[in-house]
Structure formats: C-alpha cells, structure tokens
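Just so you know, all these numbers are worked out from the coordinates, no wet-lab data involved. In this text the structure is predicted, and so the values were computed from the model without any measurement. Cβ placement follows ideal geometry from the backbone for every residue including glycine, while neighbour counts extend to all protein chains displayed.
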Amino acid sequence: MFSPLEQFEIFLLDFHLFTFHLIIPHFFIYFILMFIILFFICFFFLFYTNFISNIGNHIIELLYLFIASLTSRHCQINGLIFFPLFFITFIFILFSNLLGLTPLSFTFTSQLIIPVSLALIFNLYFFFYGFYLHHFQFFRIFIPKGVPTLLLPLVVLIEIISYLLRSFSLSVRLFANIMAGHSLLYILSSFVVVLSQITIYCGILPFIIIIGVCFLEIGIAFLQAYVFIVLLSIYVTDSITGGH
C-alpha cells in the first residue's frame with residue numbers, strides 16, 4: 001500500500017475481463033491477519049509465562065484481574081460466566097488495533113464489517129440468552145417503570161429501536177475512532193513531506209507531533225478495546241437481570 005488510507009477502500013470484486021483473473025483481496029487479508037493475531041496472542045501468553053516467568057506472570061495476572069473486575073463491576077457475580085469470552089475479545093481487539101499501527105500493515109478493525117459482525121453476534125447471543133433465562137418476561141426491558149400509560153406505546157417503540165441500534169453504535173464507535181486516528185496520521189505525514197521539500201527544519205515540528213499522535217493512537221487502541229468490553233458487560237446485564 002502506498003497510503004494508510006488505501007485500507008479503507010472497499011473492493012468487493014476485482015475482475016479483469018481479458019485475463020479472466022479473479023481477485024478478492026480483502027477476504028484473504030482478513031484470513032491472514034486472523035492467523036497473525038492468533039500467533040501474536042499465543043506468543044504473548046506462552047513467551048511471557050514460560051520465558052519471562054516472574055514479570056510475565058505478573059502482567060498476565062494484572063490483565064486477567066483487570067478484565068475480571070470490569071466484568072464483575074458491571075454484571076455482578078452472575079456475569080462472570082462471560083469473563084472468558086470478554087477476556088479473549090479484549091485481547092483480540094487490542095492486538096488488532098496495535099497491529100494496525102505497525103508500518104505497511106492493515107487495520108481490519110477499521111473495516112466496518114468486522115466490528116459490525118462482532119457486535120451483531122454478541123447482541124444476538126445476549127438476546128437469546130436473556131430469553132432463555134426469563135422467557136417472555138425478558139421483554140420487560142422494553143417497558144421502563146413509572147411511564148404513563150398514554151406514553152407507553154411511544155416509549156416502548158423508542159426502547160426497541162435503541163435496543164436494535166446497539167450493534168450499530170457499538171461497532172461504529174470502534175470503527176470511527178480507529179479510522180479517524182489513521183486519517184490524522186496520514187494528513188500529518190503528508191504535511192511533513194510537503195514542508196520537508198522546502199527545508200528539513202520546517203518538517204521537524206510536525207514530525208514531533210506525529211510521534212506524539214502515534215503514542216496517542218496506542219492509548220486509543222487500549223481505550224477502544226476497553227470501551228468495547230464495558231459496553232458488552234452493560235448490555236449483558238439486561239439479559240441476566242431481565243429488567244430495565
């Protein structure tokens with residue numbers, strides 16, 4: 001890729017008429033990156049726990065307790081059954097975001113299809129899990145307490161729409177923040193190139209700003225993985241409690 005923004009271009013099908021050569025690049029990129037992230041996750045846990053035992057175990061333990069406390073704080077003790085799922089999701093999103101910050105890489109969490117797929121799978125599962133636990137009583141989550149009878153149909157409609165939009169809001173939040181960060185880096189780097197053609201000293205200050213933005217993007221990579229898990233733990237609470 002010649003530009004960080006090329007990864008945001010969508011190619012569903014690239015068909016060359018005369019050579020009869022069929023290319024579907026993004027599917028192969030997603031497939032390869034899944035294995036790369038899986039390798040990094042395995043390497044992270046195996047290397048730190050086996051070769052750097054003291055420091056590595058401490059880091060893994062802190063990460064483990066961080067996600068466990070996050071899950072129990074929002075879902076209470078009953079929600080800890082979802083801790084393994086939330087833990088591996090956090091690690092997956094975190095490594096995906098960090099992988100996109102490496103040179104000449106591809107950030108597939110910035111492709112809307114990936115966050116939307118994750119959000120839809122989770123929210124559908126939470127819905128059927130809540131229905132399994134509470135049966136038709138689960139639909140009480142769409143009926144807030146204390147609402148006047150006259151306004152009840154409108155409020156129920158708004159609650160249903162907001163519930164259906166959870167997947168969209170959850171995925172767009174991750175997608176938009178990652179894409180905005182890469183776009184900012186692209187704009188600043190282009191600015192550095194233009195100024196450096198005038199004189200090398202003009203590009204020093206924007207280059208320093210780019211370094212600061214890179215560190216900011218690392219923080220955003222952690223933050224977006226954290227926010228994704230926080231919202232999932234809040235959403236699953238409705239399924240567990242079965243009430244608004």
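What's the extension gain from A176 to L120 if we count 0.36 nm per residue and subtract their Cα-Cα distance? Write down the numbers at each step before the final one.
On the way: separation 56, 0.36 × 56 = 20.16 nm, distance 1.71 nm.
Full extension from A176 to L120 adds 18.5 nm.
Taking other Cβ within 10 Å of each residue's Cβ, how do I161, I218 sort, fewest first? Don't jump to the answer; show the numbers that get you there.
Details: I161 9, I218 14.
Placing the least packed residue first, the sequence is I161, I218.
Can you list the HN-Hα couplings for segment 63-70, worked out from phi with the Karplus curve (6.51, -1.76, 1.60; θ = phi - 60°), rounded to whole Hz and with x for Gly and Pro?
5, 4, 5, 5, 5, 5, 5, 5
For segment 53-150, just say rounded, prolate or oblate: build the C-alpha gyration tensor, square-root its eigenvalues into a ≥ b ≥ c, call rounded for a/c under 1.5, and beyond that prolate if a/b exceeds b/c, oblate if not. Numbers along the way, then the final one.
Values: a/c = 2.91, a/b = 1.59, b/c = 1.83.
Because a/c hits 1.5 or more and a/b fails to exceed b/c, segment 53-150 counts as oblate.
Quick one: compute the contact order of segment 41-165, relative version, from alpha carbon pairs under 8 angstrom and 6+ residues apart, as a percent. Walk me through the numbers before you get to the answer.
Values: 51 pairs, mean separation 13.2, N = 125.
Relative contact order, segment 41-165: 11 percent.
Going by C-beta contacts inside 10 Å, put E217, E159, E61 in order with the fewest on the left.
On the way: E217 20, E159 16, E61 10.
The most exposed by this proxy come first: E61, E159, E217.
Only counting other Cβ atoms within 10 Å, I'd like I178, I160 sorted with the fewest neighbours first.
On the way: I178 25, I160 13.
So the residues, fewest neighbours to most, are I160, I178.
First measure r as the distance between the Cβ atoms of L150 and F215, then evaluate 1/(1 + (r/R0)^6) with R0 = 51 Å and state the FRET efficiency to the nearest 0.05.
Values: r = 54 Å, r/R0 = 1.06.
Efficiency computed from Cβ-Cβ geometry: 0.40.
Can you tell me the length gained on complete extension of the stretch F139 to I160, counting 0.36 nm per residue apart and subtracting the Cα distance? Provide the component values of the computation, followed by the final result.
Values: separation 21, 0.36 × 21 = 7.56 nm, distance 0.97 nm.
Extra length from F139 to I160 when fully extended: 6.6 nm.
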